[in-house]
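Data first, discussion second: the structure below is written as structure tokens.
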Number of protein chains: 2
Amino acid sequence: MNLKQLSAHLGLSQTTVSRALNGYPEVSETTRKRVMEAADKHNYRPNTRAKGLATGRAMAIGHVIPLSAQHEMMNPVFADFIAGAGESYSEAGYDMLLSLVADADQERAYREMAAKRNVDGLVVHAAKMRDARILLLQNTGLPFAVHGRASEITTPYNWLDVNNKSAFERATNFLLDLGHRRICLVNGQESMDFAHRRRKGYEAALAARGVEIDPALMFADEMTEIYGYDTVQRTRSLADPPTAYLASSIITAFGVRRAIEESGLKMGRDISVITHDDDLSYMRNGADVPVFTATRSSVREAGGGPGQPPGFQNQNPRAPPQTEPFLAEVTVGRPTRPPPHTVV
Amino acid sequence: MNLKQLSAHLGLSQTTVSRALNGYPEVSETTRKRVMEAADKHNYRPNTRAKGLATGRAMAIGHVIPLSAQHEMMNPVFADFIAGAGESYSEAGYDMLLSLVADADQERAYREMAAKRNVDGLVVHAAKMRDARILLLQNTGLPFAVHGRASEITTPYNWLDVNNKSAFERATNFLLDLGHRRICLVNGQESMDFAHRRRKGYEAALAARGVEIDPALMFADEMTEIYGYDTVQRTRSLADPPTAYLASSIITAFGVRRAIEESGLKMGRDISVITHDDDLSYMRNGADVPVFTATRSSVREAGGGPGQPPGFQNQNPRAPPQTEPFLAEVTVGRPTRPPPHTVV
DNA sequence: CCAAATTCCCAAAGCGCTTTGGCTGCCAGT
DNA sequence: ACTGGCAGCCAAAGCGCTTTGGGAATTTGG
């Protein structure tokens, strides 16, 4: 059933039917009601493509997920963020277009999206320090928002990020307060902006206390379970092994825990662990008693939170960009204790 | 730059330019080349909405992810499947539309999609035993493919699924061969079709050997880490506790392992664990030495494998539905051994 | 050398909607 | 009784593309 058929059926013009359905005032309430009932009865919905062509708006937001050749993977963080975003989009009547594009195709992909006009705006995931995509998008004129930040890019843009630096500074301080001095940072890849910020926070806390910043305790890689496991194994053999681990992802923290327990040590007794917790729906930190002490910030809420759709609230392109820091809160769980042989 | 401008720029009609770009034979090779170069230079891409309106095809596939009210979550399995699908779509020039719809809105959502015509077809995730969505979609006439199966629905439809029953039958046999008799099934929710099939496989193997099927050893829930952990804790206190666990998800298996090791037992020595492994990119079973013995089937490959786009290869709506079973292979890792005190 | 076929191009219709610019009829105001 | 305003409707243009149905030049065949 299309508009033509519906209006013929009602003995009205397409104009009137369209206006009735879109809430315009030029149509009497009685006919509006009649129209709406008929539309409902025949399950009429305006054709998206036609509507989009007529209005110039796609009513869709694109999400671009980078797919690196070296580390092909679908980060669970994306999944949760997208779940959050998806919910708010559907409330707002927007569709979500998912684009997985290989690193090498980034430029082509963005130009194409801008030209094809199948989205009204983009959300860029996994921001890098000096993210070429941001500069690219600024040239295309396509509105966009970044999940994360690009520290080295100074021109303004919409972003939405966790307070990574201060969260990790606090977490590190938390461990320092407990008496730890050998704290191992199990971070994400440093090309990722969040990882860089987290390291800065970690280092700032150590520096403020005059604790040595030991490169042998700082790791950066993709945040898999295995990576956490391997990192612990590698560091146990150090002359002066860490008494605490600070992980960037709960998945990695699971690996950290596995290695610790496998080596006969007890997490929370012999070794403390703090992790950043994105509050992933399938990876919840223990419900009642948190398994990990954590800096927590729900990435899912971030996806849904910033408005509908995120970053595109202001229709006015001249408006200043929106920036939204999400604050990570610290939840204290079991596995943090003073280091062994310490009198607190 | 749109078609009109481009053709004016070239001094050609829109017809000719359109045909040149779409590879029609009615245009000379020299002008085609000229057109393509100009299009390239001006970064021209046909407007998706206009093209869609003219051709009647959306060039997009929708993926519908259910969002239950009780258990709000974005399953990592979806994420990996979608990553796989996304890659093959972009090769085929299709967009991917993601729809997260709450259980209660399912009917409305599908009818709307069918009426709005913003997708050419749907992929339905998380198939249930008697999935109402399948019946619904069959009525709408919108092409669709199901990831999973709906055992109780007999009318034909496109699907793509793992050989869940035989995989779990084999896994159970594997444990039985090792001498295990008390095997705990840590399954997904039974409303999910895959969970049902897996239980059938488990039961079939036990029955074939005349081993008692003990309801106290059969669990079904959302496959979170915590669930695996809790299940082990619960079963350790049984009078005759299990000597082996058979998990439906590697995430749950991680929880199983945690509980085992936390209780001072050693996985692979005291207790055997087999898991189904969807080969999730962030949750790889150990790279060199598998951490778990597993029935493995990459859900990501499943997403990309079935064609481009999946399930919609045959343009002919009269063609028989496509069905594609993905075979899970068994990989033997450490944590399976004969039960303790057994002479093999 | 002329008709027929072929090559290469174009104008215009149409996809299904929104939106502009009316037009008609009724009522209030004077 | 006439004008102005307003409520309620409609015809038609236009969004940017594809596709139909030619039409003019060029080549081919007899």
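Of the numbered conditions (1) in contact with a strand residue (DSSP E or B) (Cβ under 7 Å, 6 or more places away or on another chain); (2) facing chain B (nearest Cβ under 8 Å), A:Gly52 fails exactly one; give the number of that condition.
(1)
Could you list all residues from the stretch B:268-284 that are surrounded by 21 or more Cβ atoms within 10 Å (Cβ to Cβ) and within 9 Å of chain A (Cβ to nearest Cβ)?
B:Leu280, B:Ser281, B:Tyr282, B:Met283
Answer with yes or no whether B:Ile134 is touching a residue at least 12 places away in the same chain (Cβ under 8 Å) and more than 18 Å from B:Ile65 (Cα to Cα).
no
For the stretch B:94-110, which residues satisfy the criterion of being of a type in the set (Phe, Trp, Tyr) and surrounded by 24 or more Cβ atoms within 10 Å (Cβ to Cβ)?
Hit for the stretch B:94-110 is B:Tyr110, nothing else.
Please determine, by comparing only the residues of the stretch A:4-45 that are surrounded by fewer than 19 Cβ atoms within 10 Å (Cβ to Cβ) and touching a residue at least 40 places away in the same chain (Cβ under 8 Å), which one is nearest to DNA strand D (Cβ to nearest atom).
A:His42
With respect to B:Gly52, is the statement that it is within 9 Å of DNA strand C (Cβ to nearest atom) and surrounded by fewer than 21 Cβ atoms within 10 Å (Cβ to Cβ) true?
Answer is no for this residue.
Scan the stretch A:56-68 residue by residue and report those that are part of a loop (DSSP other than H, G, I, E, B) and either facing another protein chain (nearest Cβ under 10 Å) or within 18 Å of A:Ser7 (Cα to Cα) (or both).
Selection gives A:Gly56, A:Arg57, A:Ala58, A:Met59.
Does B:Glu91 fit the bill of being open to solvent by 20 Å² or more (accessible area, probe 1.4 Å), more than 13 Å from DNA strand D (Cβ to nearest atom) and either in a strand (DSSP E or B) or not assigned by TED's automatic domain parsing to the domain that holds B:Ser248 (or both)?
It is true that B:Glu91 is open to solvent by 20 Å² or more (accessible area, probe 1.4 Å), more than 13 Å from DNA strand D (Cβ to nearest atom) and either in a strand (DSSP E or B) or not assigned by TED's automatic domain parsing to the domain that holds B:Ser248 (or both).
What do you reckon, is B:Ser248 hydroxyl-bearing (Ser, Thr, Tyr) and in contact (Cβ under 8 Å) with a residue 24 or more places away in the chain?
Answer is yes for this residue.
Taking only the stretch B:102-124 into account, find how many residues are at the interface with chain A (Cβ under 7 Å from one of its Cβ atoms) and on the phi < 0 side of the Ramachandran plot.
The number of residues fulfilling the criteria is 5.
Any residue in the stretch A:171-180 that is among the acidic types (Asp, Glu) and touching an Asp or Glu at 6+ places or on another chain (Cβ under 8 Å)?
no
Any residue at all in the stretch A:218-227 that's under 19 Å from A:Ile183 (Cβ atoms), open to solvent by less than 30 Å² (accessible area, probe 1.4 Å) and in contact with a helix residue (DSSP H, G or I) (Cβ under 9 Å, 6 or more places away or on another chain)?
Yes, the stretch A:218-227 contains at least one residue that is under 19 Å from A:Ile183 (Cβ atoms), open to solvent by less than 30 Å² (accessible area, probe 1.4 Å) and in contact with a helix residue (DSSP H, G or I) (Cβ under 9 Å, 6 or more places away or on another chain).
If A:Asp177 meets every condition in (1) assigned by TED's automatic domain parsing to the domain that holds A:Ala205; (2) farther than 26 Å from A:Ala205 by Cα apart from one, which number is that one?
Here A:Asp177 clears every test but (2).
Taking the options A:Leu178, A:Leu122, A:Leu136, A:Leu185, name whichever one is open to solvent by less than 10 Å² (accessible area, probe 1.4 Å) and more than 19 Å from the chain's Cα centre (by Cα).
The unique qualifying residue is A:Leu185.
Let me spell it out: the conditions are (1) β-branched (Val, Ile, Thr); (2) farther than 24 Å from A:Ala102 by Cβ; (3) within 16 Å of DNA strand C (Cβ to nearest atom), and B:Val101 meets all of them except one. Which number is the exception?
(3)
I'd like to know if the stretch B:159-179 contains one or more residues that are in contact with a Leu (Cβ under 9 Å, 6 or more places away or on another chain), under 26 Å from B:Arg108 (Cβ atoms) and part of a loop (DSSP other than H, G, I, E, B).
Taking every residue of the stretch B:159-179 in turn, none turns out to be in contact with a Leu (Cβ under 9 Å, 6 or more places away or on another chain), under 26 Å from B:Arg108 (Cβ atoms) and part of a loop (DSSP other than H, G, I, E, B).
The values are calculated or read from the model by the stated rules, or taken from the named source; none is laboratory data. From a predicted model like this one, the values you see are computed outputs, not experimental measurements. Ideal geometry is used to build each Cβ from the backbone, glycine not excepted, and the neighbour counts take in all protein chains shown. Remember, those area values only see protein heavy atoms, side chains included, never the ligands or the DNA or RNA. Shrake-Rupley method; radii C 1.70, N 1.55, O 1.52, S 1.80 Å.
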